[in-house]
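The values are calculated or read from the model by the stated rules, or taken from the named source; none is laboratory data. No experiment lies behind these values; they were computed from the predicted model shown. FYI the Cβ positions are ideal-geometry reconstructions off the backbone, even for glycines, and counts take in every protein chain you see.
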Amino acid sequence: MEHCDDQGEQSKRNIDGSGTLSAVTQATLEKVKCRRRGRSMKAGTKCLMLDNTFPGYGWLLPGWVAEERHMETGRIYRYYYDPEGRMYRSQHEVIHAWENSGMVVLDM
């Protein structure tokens, strides 16, 4: 798991529990970080960056990252990033992107 502070900057913490991030996940996070530069989140927002090794996100392909933004109101926003750093707003959009790229997607 990787945490973002209120300004959206990521502090290095492990996603897979072993103390290290996979090279593919690190590359995706760097691209996401570059795209976010200059954008800040609302004060009090807690942010988690998760990959396919985290419970509930095993459906993601290697290199894909899920972001959970926990708002002070209790609402959780989820966003997904591909290895190029492009953002998707739902699991449906991710699966649609996989289908459009020629991947075979099975029901989950």
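Hey, can you tell me all the residues within the stretch 75-104 that are of a type in the set (Asp, Glu) and assigned to a helix (DSSP H, G or I)?
Keep residues of the stretch 75-104 that are of a type in the set (Asp, Glu), which gives 82, 84, 93, 99.
Correct list: Glu93, Glu99.
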Test for Leu60: is it buried (at least 17 other Cβ atoms within 10 Å of the Cβ) and part of a loop (DSSP other than H, G, I, E, B): yes
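Within the stretch 23-30, can one find any residue that is within 16 Å of Ala97 (Cβ to Cβ), modelled with pLDDT of 90 or more and surrounded by 15 or more Cβ atoms within 10 Å (Cβ to Cβ)?
Of all residues in the stretch 23-30, those within 16 Å of Ala97 (Cβ to Cβ) come to 28.
Right, trim to modelled with pLDDT of 90 or more and you get 28.
Among the residues that remain, those that are also surrounded by 15 or more Cβ atoms within 10 Å (Cβ to Cβ) are: 28.
Looking for residues that are within 16 Å of Ala97 (Cβ to Cβ), modelled with pLDDT of 90 or more and surrounded by 15 or more Cβ atoms within 10 Å (Cβ to Cβ), one finds at least one in the stretch 23-30, hence yes.
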Just to be sure before I move on: is Glu72 touching a Gly at 6+ places or on another chain (Cβ under 7 Å), part of a loop (DSSP other than H, G, I, E, B) and modelled with pLDDT of 90 or more in the structure I sent?
yes
Per the list (1) in contact with a strand residue (DSSP E or B) (Cβ under 7 Å, 6 or more places away or on another chain); (2) at pLDDT 90 or above, residue check on Lys33 breaks on (2)
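Kindly evaluate Gly44 against the criterion of being surrounded by fewer than 17 Cβ atoms within 10 Å (Cβ to Cβ), within 19 Å of Ser90 (Cβ to Cβ) and modelled with pLDDT under 95.
On the way: surrounded by fewer than 17 Cβ atoms within 10 Å (Cβ to Cβ): yes; within 19 Å of Ser90 (Cβ to Cβ): no; modelled with pLDDT under 95: yes.
It is false that Gly44 is surrounded by fewer than 17 Cβ atoms within 10 Å (Cβ to Cβ), within 19 Å of Ser90 (Cβ to Cβ) and modelled with pLDDT under 95.
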Taking the stretch 65-89 and keeping residues more than 23 Å from Cys34 (Cβ to Cβ) and either in contact (Cβ under 8 Å) with a residue 12 or more places away in the chain or surrounded by 17 or more Cβ atoms within 10 Å (Cβ to Cβ) (or both) leaves His70, Met71, Glu72
Review point. Being touching a Cys at 6+ places or on another chain (Cβ under 7 Å) and within 20 Å of Ile95 (Cβ to Cβ), is that true of even one residue in the stretch 21-37?
Key: no
